[in-house]
Amino acid sequence: MLTDTKLRNLKPKSQAYKETDSNGLYVEVRKVGSKFFRFRYRHPQTKKEQVLTLGEYPSIGLKQARDLRNEAKELLAIGIDPNEHKKTEQVKQLEQVIAEQIQTDLMTFSQLFELWHRHNSESWVYAHARDIRERIEKHLLPGLGSMPLADIKPMDVIKVLKLIEQGGRVETTKRIKQYTSRIFKFGVGFGHCEHNPANDLPDDIFQKSIRKNYAHTTDPKVLTQILKAIESYAGDISTKKALELGPYIFLRSKEIAGIRWEEVNLENCVIEIPGERMKKKRAHIVPISSKVLEIIEYMRPLSGDCEYLFPSPRSQSRPLGEQTLNPALHRLGFKDVQTFHGFRHTASTMLNEMGFMGDLIEKQLAHEEANKVRGAYNKAQYLTQRKEMMQAWADYLDGLKTGGMLSRFKSF
């Protein structure tokens, strides 16, 4: 059986592992060092094995974990599944919070936002929930947060949005307008307010965003300057190494910033990104070239005991912020010359001109098949060919930095 001393002394290993207590209770020690009490049981109807998470140590102590296990066993004795009971209780708690808020006619926009965010954040990934909160707190709450919902008129919303627009952020204005409407729709649905003042705002009073390609270069000399400047970056090491990685694998900034160590498969020399982290929600395989391997091995002693390849400088338990990489390029002097996302355009254009097959490039970019009928049948990963292409591309970029490869090559 477990003891408090044994729990305190449990250390993380290269893989998550379990230490058993008694009667189905055990603690799971994860690679990052966190320890979770869990209870293994069989569903009262299906008899299939299930696991109930009781909480994280030391917030939940050993005695409390055993008490929670005993409560779960009591539920099982009367035919109630503990996991289903837990979900029911969570819904009841949210409904109670909502009921308490409905009792007052003075609910503010800030309070409604908190309810809306809490209601939706469980289905969002952490980074998305954090991004939405930061946007709302920055752009909406200063102007609308303290106002009672019943007092907010369309003109109040327009004033807030116009302030964003005047800062030159046309796309941000559009996004915040959408969030505002969604928050009020939630309020109407739960009876917190009678109307949505953001629903019928005229579009003509806001500037239209002009869609532009992400700034990028295909000039080998300029690309050489960029690569050398990145290597001299003097900021946070996670940011520097993520910047270095970008030109070599041309993933989106969010996909690179969130790479987990468990996604790095050195045995097969690939990075395996699950579908939920990709824009198109399809799993994606990235071949590891020699340069990519060098960056991975550089980070191993720095972040190997963390969940993420590039942890945030503020917290080792969080990934590097996806909004970090583009400003870092700007600080290096390449604003309007090269964006981080633009490395995808750079690679696509140059690899096509180098003579590589379009299907290989599109697959590496994780793009949808342009011909949807063909795409439905074309399930090939082209992994062998892509490994050759990505190593050739890495050799080309390395050659630029050493001054030995300014001319573009043709694929073999």
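Per-structure values
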read-out: Options 364, 338, 381; residue that is touching a Lys or Arg at 6+ places or on another chain (Cβ under 9 Å) and modelled with pLDDT of 85 or more; value: 364
read-out: Residues (outside any loop (DSSP other than H, G, I, E, B) and over 17 Å from residue 136 (Cβ atoms)) located in the range 163-205; value: 166, 170, 188, 189, 203, 204, 205
read-out: Subset tally (residues that are surrounded by fewer than 21 Cβ atoms within 10 Å (Cβ to Cβ) and touching a Phe, Trp or Tyr at 6+ places or on another chain (Cβ under 7 Å)) for the range 343-353; value: 1
read-out: Long-range neighbours under 8 Å by Cβ, at least six apart or interchain, first residue over 21 Å from residue 27 (Cα atoms) and among the basic types (Lys, Arg) within the range 65-84, second in a helix (DSSP H, G or I) and open to solvent by less than 40 Å² (accessible area, probe 1.4 Å); value: none
read-out: Residue in the range 221-231 that is within 18 Å of residue 365 (Cβ to Cβ), surrounded by 14 or more Cβ atoms within 10 Å (Cβ to Cβ), in contact with a helix residue (DSSP H, G or I) (Cβ under 7 Å, 6 or more places away or on another chain) and at pLDDT below 95 present; value: yes
read-out: Single condition residue 391 does not satisfy, out of (1) open to solvent by 20 Å² or more (accessible area, probe 1.4 Å); (2) at pLDDT below 90; (3) farther than 21 Å from residue 215 by Cβ; value: (2)
read-out: Output for the range 349-364, where each listed residue is in a helix (DSSP H, G or I) and either under 14 Å from residue 220 (Cα atoms) or without any contact (Cβ under 8 Å) to a residue 60 or more places away in the chain (or both); value: 349, 350, 351, 352, 353, 358, 359, 360, 361, 362, 363
read-out: Filter result (surrounded by 15 or more Cβ atoms within 10 Å (Cβ to Cβ) and of a type in the set (D, E, K, R)) within the range 31-55; value: 31, 35, 38, 40
read-out: So residue 121, is it open to solvent by 30 Å² or more (accessible area, probe 1.4 Å), small (Gly, Ala, Ser) and under 24 Å from residue 323 (Cβ atoms); value: yes
read-out: Selection status of residue 228, within 30 Å of the chain's Cα centre (by Cα), within 23 Å of residue 354 (Cβ to Cβ) and among the charged types (D, E, K, R); value: yes
read-out: Residue within the range 255-267 that is of a type in the set (S, T, N, Q) and in a helix (DSSP H, G or I) present; value: no
read-out: Evaluation of residue 276 against (1) surrounded by fewer than 18 Cβ atoms within 10 Å (Cβ to Cβ); (2) in contact (Cβ under 8 Å) with a residue 24 or more places away in the chain; (3) within 15 Å of residue 342 (Cβ to Cβ) (one fails), failing number; value: (3)
read-out: Count of residues meeting criterion [open to solvent by 60 Å² or more (accessible area, probe 1.4 Å) and either among the aliphatic types (A, V, I, L, M) or at pLDDT 90 or above (or both)] in the range 155-187; value: 6
read-out: Any hit, the range 308-321, residues being part of a helix (DSSP H, G or I) and out of contact with any strand residue (DSSP E or B) (no Cβ under 8 Å at 6 or more places or on another chain); value: no
read-out: Breaking point among (1) in contact with a Lys or Arg (Cβ under 9 Å, 6 or more places away or on another chain); (2) open to solvent by less than 60 Å² (accessible area, probe 1.4 Å); (3) not in a loop (DSSP other than H, G, I, E, B), for residue 302; value: (2)
read-out: Count - residues of the range 136-154 that are of a type in the set (Lys, Arg), assigned to a helix (DSSP H, G or I) and within 14 Å of residue 196 (Cβ to Cβ); value: 0
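The values are calculated or read from the model by the stated rules, or taken from the named source; none is laboratory data. These figures come from a predicted structure and were not determined experimentally. No Cβ is skipped: glycine too gets one built from the backbone with ideal geometry, and neighbour counts run over all protein chains shown. Accessible surface areas use protein heavy atoms only, side chains included; no ligands, DNA or RNA. Shrake-Rupley method; radii C 1.70, N 1.55, O 1.52, S 1.80 Å.
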